[in-house]
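Step one of this worksheet: look at the structure below.
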Amino acid sequence: MQIIKSKKEMYSFVENQKRENRTIGFVPTMGALHEGHLALVRESVQNNSCTVVSIFVNPTQFNNKEDLRMYPRNEQADFEKLRAERCDAVFFPDVEEMYPEPDERVFDLGSLATVMEGEFRPGHFNGVVQIVTKLFDTVKPNRAYFGKKDFQQLAIIQHITKQLNYNIDIVPVPTVREKDGLAKSSRNELLTAEQRKIAPKIFEIMSAAVSEKEKYSVQELKNKVVSKINAIDGLRTEYFDIVNSQTLMSVNSWDEKCEKIGCIAVYCGKVRLIDNILF
Ligand code: AMP
């Protein structure tokens with residue numbers, strides 16, 4: 001497995017792969033790898049002759065300096081995990097390499113980026129698209145793998161891939177969970193033992209809501225989820241919405257003919273967790 005730090009080296013790695021007619025599967029990550037990331041890597045290794053994983057904690061997608069500073073980093077352990085999965089190359093640039101000058105690009109992401117995460121993390125998705133387009137242009141993959149755990153991010157990447165005419169298949173991968181239902185996340189490492197015990201309640205309460213949906217209106221069910229979560233000491237809901245999975249617009253009635261996804265952000269102490277569930 002090659003560890004590549006510069007774009008220039010990455011370009012020549014990619015050229016070699018293309019010359020030998022290998023397909024490139026790409027998994028962008030911010031590191032602190034867990035089984036959720038590895039599910040994406042496995043999917044790529046299975047379906048491509050070459051897999052590239054990037055590890056880059058992208059400063060432009062953090063709207064909070066403290067959050068960026070606290071973000072877990074674990075590169076040596078990450079490299080070992082990727083070697084074990086038979087990943088071919090890790091792209092591990094530093095900030096200067098990816099942003100030799102400030103990225104002033106502003107992308108038109110429409111209403112996909114103004115709701116939910118977009119409302120509470122202004123500029124976040126613009127930063128995500130800045131780095132993902134830079135990575136796509138460097139790695140030039142045939143397929144790129146994204147987790148459904150970050151459902152809104154996935155929708156935005158699918159949108160921008162079409163808008164900018166990238167010839168890249170975006171492959172969604174189901175959310176990997178802990179045994180108790182908590183979605184795997186690098187941020188789980190930041191939870192105290194006490195917080196780790198209550199965090200699974202988020203998915204538990206959403207799952208219970210799915211099975212009760214016949215009994216309540218959309219609005220009643222949304223209110224119920226929020227009040228149940230907020231009643232637990234140590235949890236505070238930032239938003240919970242049930243949206244059309246294509247447009248991410250709020251659903252008003254169960255009769256609307258679309259796939260419906262419940263998306264949530266909850267503070268567990270200072271740690272912000274997101275999750276979603278199919279309704
Ligand atoms: P991150 O390192 O958090 O930026 O995540 C990198 C990629 O891994 C993104 O496409 C995430 O959606 C995906 N991912 C993170 N956690 C999970 C999970 N629990 N299950 C599936 N995919 C995940």
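Can you spot a residue in the range 4-12 that is more than 16 Å from the ligand (Cβ to nearest atom), closer than 20 Å to residue 79 by Cβ and in a strand (DSSP E or B)? Outline the logic, then answer.
Looking only at the range 4-12, we keep the residues that are more than 16 Å from the ligand (Cβ to nearest atom), and these are 4-12.
Then drop every residue that is not closer than 20 Å to residue 79 by Cβ, which leaves 4-7, 9-10.
Going one step further and asking which of them are in a strand (DSSP E or B), we end up with 4.
Within the range 4-12, one or more residues are more than 16 Å from the ligand (Cβ to nearest atom), closer than 20 Å to residue 79 by Cβ and in a strand (DSSP E or B).
The rows are residues; the columns are (1) under 18 Å from residue 54 (Cα atoms); (2) surrounded by 21 or more Cβ atoms within 10 Å (Cβ to Cβ); (3) of a type in the set (Lys, Arg); (4) within 17 Å of the chain's Cα centre (by Cα).
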residue: 83; (1), (2), (3), (4): yes, no, yes, no
residue: 89; (1), (2), (3), (4): yes, yes, no, no
residue: 110; (1), (2), (3), (4): no, no, no, no
residue: 128; (1), (2), (3), (4): yes, yes, no, yes
residue: 171; (1), (2), (3), (4): yes, no, no, yes
residue: 175; (1), (2), (3), (4): no, no, no, yes
residue: 179; (1), (2), (3), (4): no, no, yes, no
residue: 183; (1), (2), (3), (4): no, yes, no, yes
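For the range 235-248, what are the residues that are in a loop (DSSP other than H, G, I, E, B) and either crowded, with 18+ Cβ neighbours inside 10 Å or touching a strand residue (DSSP E or B) at 6+ places or on another chain (Cβ under 6 Å) (or both)? First the steps, then the outcome.
Step one: list which residues in the range 235-248 are in a loop (DSSP other than H, G, I, E, B), which gives 245-248.
Hits for the range 235-248 are 245, 248.
Taking into account only those residues within the range 38-67 that are surrounded by 14 or more Cβ atoms within 10 Å (Cβ to Cβ) and free of Cβ contacts under 8 Å to residues at least 40 places away in the same chain, which is farthest from residue 169 (Cα to Cα)?
Ranking the qualifying residues of the range 38-67, first place goes to 57.
Working only within the range 249-264, note down all residues that are of a type in the set (A, V, I, L, M) and surrounded by fewer than 20 Cβ atoms within 10 Å (Cβ to Cβ).
Applying the first criterion (of a type in the set (A, V, I, L, M)) to the range 249-264 yields 249, 251, 261, 264.
Result: 249, single match.
Looking at (1) farther than 30 Å from residue 140 by Cβ; (2) outside any strand (DSSP E or B), can you tell me which one residue 264 breaks?
If we test residue 264 against (1) farther than 30 Å from residue 140 by Cβ; (2) outside any strand (DSSP E or B), just (2) comes out false.
Please work out which one of (1) within 17 Å of the chain's Cα centre (by Cα); (2) modelled with pLDDT under 95 is the condition residue 136 fails and give its number.
All conditions are met except number (2).
Working carefully through the options 151, 136, find the one that is within 14 Å of the ligand (Cβ to nearest atom), over 16 Å from residue 51 (Cα atoms), aromatic (Phe, Trp, Tyr) and not in a loop (DSSP other than H, G, I, E, B).
151 is the lone residue from the list that is within 14 Å of the ligand (Cβ to nearest atom), over 16 Å from residue 51 (Cα atoms), aromatic (Phe, Trp, Tyr) and not in a loop (DSSP other than H, G, I, E, B).
What residue, of 77, 144, is outside any loop (DSSP other than H, G, I, E, B), of a type outside the set (S, T, N, Q) and within 28 Å of residue 245 (Cα to Cα)?
Within the list 77, 144, the selection yields 144.
Taking the range 22-57 as the search range and keeping residues that are among the polar types (S, T, N, Q) and more than 8 Å from the ligand (Cβ to nearest atom), which one is nearest to residue 113 (Cα to Cα)? Break it down stepwise before answering.
Start the filter on the range 22-57 by keeping residues that are among the polar types (S, T, N, Q), which leaves 23, 29, 44, 46-49, 51, 54.
This time we only want the ones that are more than 8 Å from the ligand (Cβ to nearest atom), so: 23, 44, 46-49, 51, 54.
Numbers: 23: 31, 44: 27, 46: 32, 47: 30, 48: 31, 49: 34, 51: 29, 54: 24 Å.
For the range 22-57, the residue satisfying everything is 54.
Of these, 128, 90, which one is in contact with a helix residue (DSSP H, G or I) (Cβ under 9 Å, 6 or more places away or on another chain), modelled with pLDDT of 95 or more and not in a helix (DSSP H, G or I)?
On the way: 128 fails: not in a helix (DSSP H, G or I).
Result of the check over 128, 90: 90.
Anything in the range 157-214 that is away from the ligand (no atom under 13 Å from the Cβ), of a type outside the set (A, V, I, L, M, F, W, C) and within 21 Å of residue 124 (Cα to Cα)? List them, or say none.
159, 161, 162, 163
Any residue in the range 165-185 that's over 15 Å from residue 39 (Cα atoms) and modelled with pLDDT of 95 or more: show its pairings with residues that are more than 7 Å from the ligand (Cβ to nearest atom) and assigned to a loop (DSSP other than H, G, I, E, B) at Cβ separation under 6 Å, as long as the two are six or more apart or on different chains.
168/141; 180/200; 181/200; 182/199; 182/200
The values are calculated or read from the model by the stated rules, or taken from the named source; none is laboratory data. Owing to the predicted nature of the structure, the values given are computational and were not obtained by experimental measurement. Here the Cβ is made from the backbone with ideal geometry for all residues, glycine too, and neighbour counts use every protein chain on show.
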